[in-house]
Amino acid sequence: MTTNKKAQQLIDAISAPYSLSEKQVSLAKKLVKEKMLEGFTVQNFCKENGISTKTYYEWFENPDFNYYVNQLQDAVIPSDENEAFQKIKKHILKIADKPNPSIKEIELFTDTFSYVVEADKRERMEALGMLDTTKPATATSVEERKARLLSRLKG
């Protein structure tokens, strides 16, 4: 199975919050895939997809949209890239004592794998209680929502 197909399957397996529009869900999926490519810019992404950068940043102010994009990004980061980042991070912490990788090499790595860096930052912030990790309600059937509401009323 190709990497693109596997990434698409991982992305499709994540349920979108029901508060998001179809356009937001579609562009969130596209955003995650495109952010992994070299040369990604918000401005080009917005232009290619017919939204303003203002709309783009407003969507990220929506906790449900932000949560969904983060879930998508976390799902498609290859484990070998995450492991490589963790190794480089150890060198970064030891750089004062052992400058094996140069600053330029570290910058190149973190620029190349910025989406891994973002995921790691979110994990650290969540661990420190600095992020709201409340999971938004995902798209469910009417029957599932009805059952959930009835169980809350009975409880």
Checklist outcome for this item: Links exceeding 25 Å between C-alpha atoms in this model, out of Lys29/Lys121; Lys47/Lys89; Lys35/Lys121; Lys30/Lys54; Lys29/Lys87; Lys35/Lys89, come to Lys47/Lys89; Lys29/Lys87
Checklist entry - Separation between the Leu37 and Phe60 pseudo-spin-labels, each 7 Å from Cα along Cα→Cβ, expressed in nm? => result 1.9
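Each reported figure results from applying straightforward, stated rules to the coordinates on display, with no laboratory input. What you are looking at is a predicted structure, and each value in this text was computed from that prediction instead of being measured. Reconstructed Cβ throughout: ideal geometry from the backbone, glycine too, with neighbour counts over all protein chains shown.
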